[in-house]
1. Looking at (1) at pLDDT 75 or above; (2) of a type in the set (Asp, Glu); (3) not assigned by TED's automatic domain parsing to the domain that holds Leu108, find the lone condition where Asp69 falls short.
2. Specify which of the listed residues (Val19, Val32) is out of contact with any strand residue (DSSP E or B) (no Cβ under 8 Å at 6 or more places or on another chain), under 15 Å from Arg136 (Cβ atoms) and at pLDDT below 80.
3. Out of Met252, Met299, Met306, I need the residue that is under 24 Å from the mean Cα position of the chain (by Cα), touching a residue at least 60 places away in the same chain (Cβ under 8 Å), more than 30 Å from Gly90 (Cα to Cα) and part of a helix (DSSP H, G or I). Which one?
4. So, in region 168-196, how many residues would count as being free of Cβ contacts under 8 Å to residues at least 24 places away in the same chain and either of a type in the set (D, E, K, R) or in contact with a Phe, Trp or Tyr (Cβ under 6 Å, 6 or more places away or on another chain) (or both)?
5. With the checklist (1) at pLDDT 80 or above; (2) in a helix (DSSP H, G or I) in hand, flag the one item Arg37 doesn't pass.
6. Which one of the conditions (1) of a type outside the set (A, V, I, L, M, F, W, C); (2) surrounded by fewer than 20 Cβ atoms within 10 Å (Cβ to Cβ); (3) closer than 14 Å to Asp64 by Cα; (4) in contact (Cβ under 8 Å) with a residue 12 or more places away in the chain does Arg155 fail to meet, given that it meets all the rest?
7. So which strands (runs of 3 or more DSSP E) are wholly in region 104-181 and hold at least 2 residues that are more than 30 Å from Ser23 (Cβ to Cβ) and not aromatic (Phe, Trp, Tyr)?
8. Exactly one condition in (1) crowded, with 23+ Cβ neighbours inside 10 Å; (2) closer than 19 Å to Gly221 by Cβ is not met by Arg203; state its number.
Amino acid sequence: MSKRRPTLAEVASQAGVSVSTVSKVVNGHLDVSAETRSQIERLLEEHQYRPRRSHARKPVGLIDLVFLDLDSSWAMQILAGAEEVAYEKGFGIVVSAVHDRGRSRPSLRWLDNVHARSSDGVVMVLSELSPDQQARLAALGVPVVVVDPIGDPARDVPAVGTTNWAGGLAATQHLIGLGHTRIATISGPSRVMCSRARVDGYRSAMDAAGLAVPEDYVGHGDFRTPSGHAETHRLMDLDEPPTAIFVGSDLMARGAYEALFERGLRVPHDVSVVGFDDLPEAAWAAPPLTTVRQPLGEMARMATRMLLRLVAGQDPGTRRVELSTELVERASTAPPPGGPGARSPR
């Protein structure tokens with residue numbers, strides 16, 4: 001005989017709260033304290049409580065796309081890819097941004113808005129949800145897919161990324177192949193998974209070549225231009241400055257260009273620079289930027305397809321996807337000054 005489904009009244013009695021409070025938690029309302037919510041969710045899980053089918057949500061044709069920020073062509077490529085798939089399937093997109101570089105999670109007001117507009121699902125882009133936010137979306141029946149996860153997502157949350165380690169390896173091997181031995185890296189925030197993977201790839205290439213990595217040669221920015229500018233100045237102030245820099249985003253590479261120009265140094269005659277992303281403007285930099293291409297549009301398209309399968313009650317397939325990166329060689333890299341094959345000044 002199947003186990004009897006508990007009533008909300010029984011759960012409320014065990015939690016010492018009213019039935020309406022339990023109902024608010026089940027339906028994702030926000031006006032319940034974190035402590036009470038946690039207790040009720042634990043009891044619901046213990047009883048394996050699931051809402052009746054008659055209460056199942058019906059798609060309204062709307063998904064949320066949440067970015068850390070929207071001030072770059074990186075975000076626009078992700079948006080374009082997601083919108084393409086959503087449009088094909090008859091869904092609209094609501095775009096949000098965290099708007100605070102000091103944190104990576106959207107506000108409680110955002111979660112309230114998701115509830116109010118009955119969004120069918122959420123794609124998180126280089127941003128994350130707190131455990132409480134994840135639990136509330138689950139209670140609402142709103143699935144989540146992550147693009148470029150900051151940390152390790154929950155096992156049941158699908159995620160789409162790229163081969164960041166391989167990209168960092170390829171970028172560094174390219175510089176080593178040109179004859180550079182003093183190679184530094186400027187990556188993104190150290191707590192972000194893709195940043196750590198790119199640094200690990202860089203370290204692996206250096207180690208395989210028998211090259212030392214001084215502690216000062218590994219810097220961290222925030223993927224934006226000013227941080228690349230500041231970190232490049234720091235690197236060039238070292239007693240033994242690098243002759244090449246692998247930069248963890250094209251935007252930070254632009255900052256590196258500016259800092260080197262301010263110091264009277266030329267790319268690539270004095271310092272070689274490799275970026276990461278292959279944004280459209282990389283090809284128009286002066287000189288055009290050698291960079292690691294990650295397929296941003298395809299990442300977004302795949303994540304959106306996975307989300308819409310979840311919205312339809314289907315299995316999304318593989319829950320961890322890594323798309324391939326590719327080194328794109330342009331004119332920002334050359335042999336080190338004075339090394340074999342070095343370019344003479346013009």
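1. Asp69 satisfies every listed condition except (3).
2. Values: Val19 fails: under 15 Å from Arg136 (Cβ atoms).
That would be Val32, the only listed residue that is out of contact with any strand residue (DSSP E or B) (no Cβ under 8 Å at 6 or more places or on another chain), under 15 Å from Arg136 (Cβ atoms) and at pLDDT below 80.
3. The unique qualifying residue is Met252.
4. Of the residues in region 168-196, the ones free of Cβ contacts under 8 Å to residues at least 24 places away in the same chain are 177, 196.
Going one step further and asking which of them are either of a type in the set (D, E, K, R) or in contact with a Phe, Trp or Tyr (Cβ under 6 Å, 6 or more places away or on another chain) (or both), we end up with 196.
Qualifying residue count, region 168-196: 1.
5. (1)
6. For Arg155, the failing item is (3).
7. Details: elements: 121-125, 144-147, 159-162.
Output list reads 159-162.
8. Tallying (1) crowded, with 23+ Cβ neighbours inside 10 Å; (2) closer than 19 Å to Gly221 by Cβ, Arg203 fails exactly one: (1).
The values are calculated or read from the model by the stated rules, or taken from the named source; none is laboratory data. Quick caveat: nothing in here was measured; it's all calculated off a predicted structure. Here Cβ is always computed from backbone atoms with ideal geometry, including for glycine, and neighbour counts include all displayed protein chains.
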